[in-house]
1. Would you mind listing the distances between the F:Val82 label point and the same position in each other copy? Use 7 Å along Cα-to-C-beta, nm, one decimal, shortest first.
2. How high is the relative contact order of the range A:55-132, in percent, counting Cα pairs under 8 Å that sit 6 or more residues apart?
3. Indicate the gyration tensor shape class of chain F (rounded, prolate or oblate), computed on the Cα atoms with a ≥ b ≥ c the square roots of the eigenvalues: a/c under 1.5 is rounded; otherwise a/b larger than b/c is prolate and the rest oblate.
4. Please give, to one decimal in nm, the separation of the simple spin-label points placed at C:Ser110 and B:Val82, each 7 Å out from Cα toward the Cβ.
5. Suppose we consider the axis relating copy E to copy B; can you name the residue of E with the nearest Cβ and state that distance in angstrom as an integer?
6. Take each uninterrupted DSSP H stretch in chain A, measure its Cα extent along the helix axis, and return the ones at 27 Å or beyond whose mean Kyte-Doolittle hydropathy is at least -1.0.
7. Calculate log10 I(q)/I(0) of the range E:139-188 for q = 0.14, 0.18 Å⁻¹, where I(q) comes from the Debye formula with a single equal point scatterer on each Cα and nothing for solvent.
8. Using the 7 Å Cα-to-Cβ label point, sort the distances from C:Thr5 to its equivalents in the other copies shortest first and give them in nm to one decimal.
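Every number here is computed from the coordinates shown, using simple stated rules; none is lab data. Values in this document were obtained by computation on a predicted structure and should not be read as measured data. Counting neighbours? That spans all protein chains shown, and the Cβs are built from the backbone with ideal geometry, glycine included.
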Number of protein chains: 6
Amino acid sequence: MKVETLFKFLEALKNIVRTGWMLRGIPASIGETVAEHSFEASVLAFYLASKLRDKGVNIDVNKVAVLALLHDLPEAITGDIVRYVKDAIVRARDFEEKVSTEAFGDEIASLIREFNELKTYEAKVARLAEILATHIQGKRYLANGYSRVEDIVNNTLEEIKELIKNEPLSKISDNINEIISKSRETYG
Amino acid sequence: MKVETLFKFLEALKNIVRTGWMLRGIPASIGETVAEHSFEASVLAFYLASKLRDKGVNIDVNKVAVLALLHDLPEAITGDIVRYVKDAIVRARDFEEKVSTEAFGDEIASLIREFNELKTYEAKVARLAEILATHIQGKRYLANGYSRVEDIVNNTLEEIKELIKNEPLSKISDNINEIISKSRETYG
Amino acid sequence: MKVETLFKFLEALKNIVRTGWMLRGIPASIGETVAEHSFEASVLAFYLASKLRDKGVNIDVNKVAVLALLHDLPEAITGDIVRYVKDAIVRARDFEEKVSTEAFGDEIASLIREFNELKTYEAKVARLAEILATHIQGKRYLANGYSRVEDIVNNTLEEIKELIKNEPLSKISDNINEIISKSRETYG
Amino acid sequence: MKVETLFKFLEALKNIVRTGWMLRGIPASIGETVAEHSFEASVLAFYLASKLRDKGVNIDVNKVAVLALLHDLPEAITGDIVRYVKDAIVRARDFEEKVSTEAFGDEIASLIREFNELKTYEAKVARLAEILATHIQGKRYLANGYSRVEDIVNNTLEEIKELIKNEPLSKISDNINEIISKSRETYG
Amino acid sequence: MKVETLFKFLEALKNIVRTGWMLRGIPASIGETVAEHSFEASVLAFYLASKLRDKGVNIDVNKVAVLALLHDLPEAITGDIVRYVKDAIVRARDFEEKVSTEAFGDEIASLIREFNELKTYEAKVARLAEILATHIQGKRYLANGYSRVEDIVNNTLEEIKELIKNEPLSKISDNINEIISKSRETYG
Amino acid sequence: MKVETLFKFLEALKNIVRTGWMLRGIPASIGETVAEHSFEASVLAFYLASKLRDKGVNIDVNKVAVLALLHDLPEAITGDIVRYVKDAIVRARDFEEKVSTEAFGDEIASLIREFNELKTYEAKVARLAEILATHIQGKRYLANGYSRVEDIVNNTLEEIKELIKNEPLSKISDNINEIISKSRETYG
């Protein structure tokens, strides 16, 4: 990766507001940027991984944070693509890999692949953190009267419930449920 | 098209900031929305079509404005997809047609198709207006020191030059050149 | 109209936030611009005119869209003036005509006059679309807790009810009522 | 004045972005609100009046600040009306007086009248401060590449030069000239 | 105070959003600036002082407005520091005095000290106005669903109740209670 | 750390705009949030640490990213305090430690301490990344004509030069110099 590429990409991610919110009526000026989302996901990932490690699971906590930190880097090139469009891309997985490798080099591309393949414990926690971050942000917008984000709040909740059914995430299902219930209390 | 679909789509277009600007460092809070772009394109389209009609070209001025007005409606569903991604979509044209027809019904879908096929005089003028609107907005951002939009300013200029080589647009190439030169004067 | 006038005016309309919202506490950064309002009004106008035409009314659908598109052009010079002030302007109608003609030339001035005189079928539909667009946007702000816009929501509803009592709009009163009821459902 | 009127008016002034900036392409999200302008004008007024008093002029420093603070209160009702429109209002002065008296009561109305009549020393300093505040803000926007505000920067400079020709403002013309020259240094 | 210092400080206060709001989830783009807060506090101060004067209290109305206008000037240097941090500053009072005197000179520093010492009638009214302005703004944000500002709304209410127990503010406790009750009606 | 504390803190960091920018005239709506800054710093930290590791330095790359990610967490409680104020806090280091430990628990507090003590290789790279991120963002604002951020751009450059004089950072001084020179090219 060329160095100017790097800071141009970071600039992009600090300015791109997530498409899903804008499509549901959130004004861009109060919209969450991809950088802000990645930050929240990454800190949550660190927190959840620590909890798992404290329960005796063998997991690389810092790596979980890094996976969540980097997972949306390709959006610096592609923009934030909604699922509907992603499904229309032929061999979307190959496309993303190509983008990542060309733009960020092998090391970062391989971390993004690990996140997407959802096989390692680290990837599973990072993914859970990312979904949870979206779920909580959706609740914040709901509390401000942007009721059209409700499908995102519901869909992420479903996905979270699925994820925490299996090992290792089932070990922290109580923590996850507490976060969800507390976020409901806070954001109504 | 169901009526609630309509005003939800319009809400989306009033809040989506164009991806190309954000990727180049324009903060979303000062970013042009798709609705604002469509408005500017549509008024410019009306203006340019009038000029053509005044030069004796047989053209439906109001229809040109409508084509420019509606051309980005599918973005209410897909978000604003950058070219790089569009090229990765299998049979992107078919995809867009499907989206348009399902979401907006036959009449609007057929107008969007006419715009995209670029065959009728009306579509050509609407397309020119749309590119010109992007070109001028790019110059405005350049004047504010967002130098990374330069490629958009240059690429749209190239495309405009190509478009005005042929009939009927060649008939108003003087007007176009004047607009470009005046926008350079105004926005530096 | 000089060409630099045109893109300066369009720039103005893309940046002016509607006064009525700001006066009632909507922060300008999430405020609807005149360009966004004109866009929404114009697409709604196209939609409503199509419905009328489908019911056999002899109406120029594209012209309706253009009337709604252009109706607020004078605000590029005057800013968005609230009714209270408009009523204090001597011969406000003449003033607006003068502004329009000097700034935009005869053709556009005459379309703006047609919109304001509310005599043709096309003007009536465009006006209905414009009021409806304001009504729906008001509901969106209400849903976000900006309760001081309530008078605008109520007044536009009254005006809509008046407009759809007479021909040709009475022919689509069911559609209008459905839009209003669905927007209530969506925005609470 | 009813108390709810008061805080609704203050809310309005904290959200209204000045029309002159938006008409010249300043995005509303970075636009100066009327409240911010009044604040800057009022502190500058206090500063300039102190300078005059220090030079032996008999002037009520606090009253100067209050005149600048309150001078735009009527915009909570009328919005920010550009000169072009103001000139079209029949007996604009009477109109403003009526608005002020009905909305704010005699005391505030009389202070606004004093500011507008520009007869007392206090009114002259408050007016100078207000123009100077607009001049400096214009330079800030110029520095950000919004070149279309140039006419405001120039016109306010002319007006300032006129104002400081006469007593008592001529006594602090050196201070004014220094402020202008320093603001040029700072904002380019 | 050097003149360039003055307009740089004013520029700062027009751009600093109050920390307390941002910490509780208010997006900065819709956040109240220190300048806007000072403006609202100052007009309220003028209003409340007039009421007191009308009840026969010997009070300098214009000075009350000036105290509220200038009370946050030090934030142009220090930023908006939350109480938690202020309590950690050794001899915070001395620190603020030093900042004020060095930056703004003796006259303004002495007014800020008067405001902070809360001894004169003028300072008491200015302080009440400032708390009241924060209380009302908090209610506005509550109405928009930012429920985490509730502690600020409650704490300011407590402080207001304390302040109006004593002379001279007890003389206008009815007015204050009416403002609070009307703001509850308006902002829910 | 209680879970509701966590997401309230993350919400705060996603909304707090960095004080240094606002004090120098950057409008809050286009201001960098602490979350965005931490994101940029963290990805840069990962990148720089990888370069060091590739040069044979024994460094925990993921931990460097985590140190940069978490370093500003205390600002969720204290707000973004400028150096001037920090220097006035008695035993500022103890204060920060206390805040961190109480709010985030021992593990995170200890990572923040490691970052602040600047002793380990990991802390040094994370600190370099953080300064570099601020330096580049400052250049972006300079390019937009916000010339008052120049002192931040200069001071961070000085600090970077100091940091890369010593091991291990001297090993990647070429990379750093290239980033700085490329950012100058890109942002002028």
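1. 1.9, 3.6, 3.6, 3.6, 4.3
2. Values: 51 pairs, mean separation 34.1, N = 78.
Relative CO of the range A:55-132 lands at 44 percent.
3. Details: a/c = 1.71, a/b = 1.11, b/c = 1.55.
Oblate is the answer for chain F, as a/c is 1.5 or above yet b/c matches or exceeds a/b.
4. 4.7 nm
5. E:Ser29, 3
6. Values: long enough: A:34-54 (30 Å, 0.32); A:121-143 (33 Å, -0.03).
Span-like helices here: A:34-54, A:121-143.
7. Normalising to I(0) and taking log10 leaves -0.39, -0.61.
8. 4.1, 4.2, 5.0, 5.0, 6.5
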